Amino acid sequence: MLSEHLERMANSGSTVCAYVPVGAEPGSIEMLDVLLRRAGRVLLPVARTNADDVPLPLRWGEYRSDGLAQGRWGLLEPLEPWLPESALTEAGLVLVPALAVDRSGVRLGRGRGFYDRSLACRDPRARLVAMLRDDEFVDELPSEPHDVRMTHALTPKRGLIALPSRE
């Protein structure tokens, strides 16, 4: 169901930033293949920390259906070469995993802040879409000043939900 929504959202000949789902996160490898066929270019995140274990902004790698590598924290990552964090600016659609999102676009992630560090440098016109289950779209979540708000939420049953602009 999510793949059908995503196929309609991705523009032909565009760049989409996505992710490889971990555990029970919404999405699938098949979703990435749909996006690759439709958009033409899919970038996946590469998460790293500095020597003090402080999260760094995400780097990006091109998704190729012929392989992913086991990365840190059990994540599947794109094969090298990796692109700098600025590659995010090329995407018109950015899919972000979420544990919950509220009606104002506040996103609850896994708590390390990789996405918040990275999304600040996106194209301001890009759609930031939190992927979640229907019951993970909630009325209100606590937020902090550094939180980057989502422009949309995507759930299997409700589809794409536009969220109020905070700009």
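Computed quantities for the displayed model
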quantity: Highest-first arrangement of 23-35, 67-79, where packing means the average Cβ count within 10 Å; calculated: 23-35, 67-79
quantity: Solvent-accessible heavy-atom area per residue, rounded to whole Å², over the chain at 1.4 Å; calculated: 51
quantity: From phi via Karplus (6.51, -1.76, 1.60), per-residue ³J(HN,Hα) for region 72-82 in Hz, x at Gly/Pro; calculated: 5, 6, x, 7, 8, 10, x, 6, 5, x, 9
quantity: Amide H contacts under 5 Å for Val42, placed H, 5+ residues apart; calculated: Val16, Tyr63
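The values are calculated or read from the model by the stated rules, or taken from the named source; none is laboratory data. Quick caveat: nothing in here was measured; it's all calculated off a predicted structure. Heads up, the Cβs are rebuilt from the backbone with ideal geometry, glycines too, and the neighbour counts pull from every protein chain shown. To get the accessible areas, we keep the full protein, side chains included, count just its heavy atoms, and leave off ligands, DNA and RNA. Shrake-Rupley method; radii C 1.70, N 1.55, O 1.52, S 1.80 Å.
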